[in-house]
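Peer 1: Here it is: the structure, laid out below.
The numbers here are math on the coordinates, done by the rules we state, and not lab data. All values reported here derive from a predicted model rather than from experimental measurement. Cβ placement follows ideal geometry from the backbone for every residue including glycine, while neighbour counts extend to all protein chains displayed.
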């Protein structure tokens, strides 16, 4: 999977990595800045996604589509489709270009809008990557977990880098008997939950 990344996907990854670096150097406003996961987190997500059971694959918070590219590798390998949500039009525009240029429109559907309005429609969630505004994490979690299949995987980003904001939510998840959960110190910190 990582040794034979198709050239259109690899090229778009490099483009987004460079764009993200530029945004960070220039202190670009947060509603425009990509705020994407680092490469090692992308690989980690792709590996986890290949281990998820059959069902629906979701991503909440597309940004420019960088993590989407990594997840698309797993979806292609398994013959599954990813639905990704982005609320901001500026970022959704970049993500649309990502899907087109990386040639992954066959396995990824982008929905521009607030994921919370759509989550009740997904009843067999096998994998979900949550990387949106931190104030919606708890609400999204409570919409996702009841609709996850057994052994389904939910990953929430930034739980170490935004510990002061997410500590209460993370503590609640670690004590939630519906899932087995652990915080992995990779990238900005990933909360990994497996549905029991």
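Peer 1: Considering segment 16-28 alone, what residues qualify as being free of Cβ contacts under 8 Å to residues at least 40 places away in the same chain, surrounded by 13 or more Cβ atoms within 10 Å (Cβ to Cβ) and assigned to a helix (DSSP H, G or I)? Working first, answer last.
Peer 2: Just the residues of segment 16-28 that are free of Cβ contacts under 8 Å to residues at least 40 places away in the same chain, to begin with: 18, 21-28.
When the remaining residues are screened for being surrounded by 13 or more Cβ atoms within 10 Å (Cβ to Cβ), the result is 23, 28.
Correct list: 23 only.
Peer 1: Right, something else. Pick out the one residue from 55, 79 that is touching a strand residue (DSSP E or B) at 6+ places or on another chain (Cβ under 7 Å) and more than 23 Å from residue 160 (Cα to Cα).
Peer 2: Working: 79 fails: touching a strand residue (DSSP E or B) at 6+ places or on another chain (Cβ under 7 Å).
Just a single option satisfies the conditions, and that option is 55.
Peer 1: Additional query: Scan segment 29-42 and give yes if some residue there is touching a strand residue (DSSP E or B) at 6+ places or on another chain (Cβ under 8 Å) and on the phi < 0 side of the Ramachandran plot, otherwise no. Outline the logic, then answer.
Peer 2: To start, the set of residues in segment 29-42 that are touching a strand residue (DSSP E or B) at 6+ places or on another chain (Cβ under 8 Å) comprises 41.
This time we only want the ones that are on the phi < 0 side of the Ramachandran plot, so: 41.
Scanning segment 29-42, I find at least one residue that is touching a strand residue (DSSP E or B) at 6+ places or on another chain (Cβ under 8 Å) and on the phi < 0 side of the Ramachandran plot, so the answer is yes.
Peer 1: Would you mention how many residues in segment 1-10 are within 20 Å of the chain's Cα centre (by Cα) and loosely packed, with under 13 Cβ neighbours inside 10 Å?
Peer 2: Of the residues in that region, 1 qualify.
Peer 1: Another question about this same structure. Give the number of residues within segment 29-50 that are buried (at least 19 other Cβ atoms within 10 Å of the Cβ) and assigned to a helix (DSSP H, G or I).
Peer 2: Matching residues across segment 29-50 total 7.
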